[in-house]
């Protein structure tokens with residue numbers, strides 16, 4: 001699984017990095033950003049889904065990798 005953020009949709013509410021601070025951070029303007037390469041470590045899938053579900057603008061996307 002991999003996390004993505006649509007920066008055109010993100011409004012900087014910060015729910016992603018509040019809910020999963022080891023998966024998301026904030027940029028210098030307070031907008032969410034995916035940490036590292038975006039791959040969700042084993043055992044962190046639930047937190048990634050929670051962040052995706054709680055983004056008011058649906059800017060966080062969790063995609064399956066082949």
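Is it the case, given these coordinates, that residue 4 is in contact (Cβ under 8 Å) with a residue 40 or more places away in the chain, exposed (fewer than 15 other Cβ atoms within 10 Å of the Cβ), under 10 Å from the mean Cα position of the chain (by Cα) and in a strand (DSSP E or B)?
For residue 4, the condition - in contact (Cβ under 8 Å) with a residue 40 or more places away in the chain, exposed (fewer than 15 other Cβ atoms within 10 Å of the Cβ), under 10 Å from the mean Cα position of the chain (by Cα) and in a strand (DSSP E or B) - is met.
Condition test on residue 65, is it surrounded by 12 or more Cβ atoms within 10 Å (Cβ to Cβ), assigned to a loop (DSSP other than H, G, I, E, B) and more than 10 Å from the chain's Cα centre (by Cα)? Spell out how you get there, then give the answer.
Values: surrounded by 12 or more Cβ atoms within 10 Å (Cβ to Cβ): no; assigned to a loop (DSSP other than H, G, I, E, B): yes; more than 10 Å from the chain's Cα centre (by Cα): yes.
Taking the combined requirement at face value, the residue does not satisfy it.
If I go through the range 13-38 residue by residue, how many of them are on the phi < 0 side of the Ramachandran plot and part of a loop (DSSP other than H, G, I, E, B)?
Of the residues in the range 13-38, 11 are on the phi < 0 side of the Ramachandran plot and part of a loop (DSSP other than H, G, I, E, B).
Would you confirm, using the coordinates I've provided, whether residue 41 is modelled with pLDDT of 95 or more, more than 20 Å from residue 64 (Cβ to Cβ) and not in a strand (DSSP E or B)?
No; evaluated as a whole, the condition is false for this residue.
Restricting to the range 52-62, count the residues that are surrounded by fewer than 14 Cβ atoms within 10 Å (Cβ to Cβ) and in a helix (DSSP H, G or I).
Qualifying residue count for the region: 1.
Name, by its number, the condition in (1) in contact (Cβ under 8 Å) with a residue 12 or more places away in the chain; (2) more than 10 Å from residue 5 (Cβ to Cβ) that does not hold for residue 61.
For residue 61, the exception is condition (2).
So which residues in the range 11-51 are in contact (Cβ under 8 Å) with a residue 40 or more places away in the chain and either under 16 Å from residue 1 (Cβ atoms) or surrounded by 13 or more Cβ atoms within 10 Å (Cβ to Cβ) (or both)?
13, 15, 16, 45, 48, 51
The values are calculated or read from the model by the stated rules, or taken from the named source; none is laboratory data. Treat the numbers as computed from the prediction; the structure is a model and nothing was measured. Ideal geometry is used to build each Cβ from the backbone, glycine not excepted, and the neighbour counts take in all protein chains shown.
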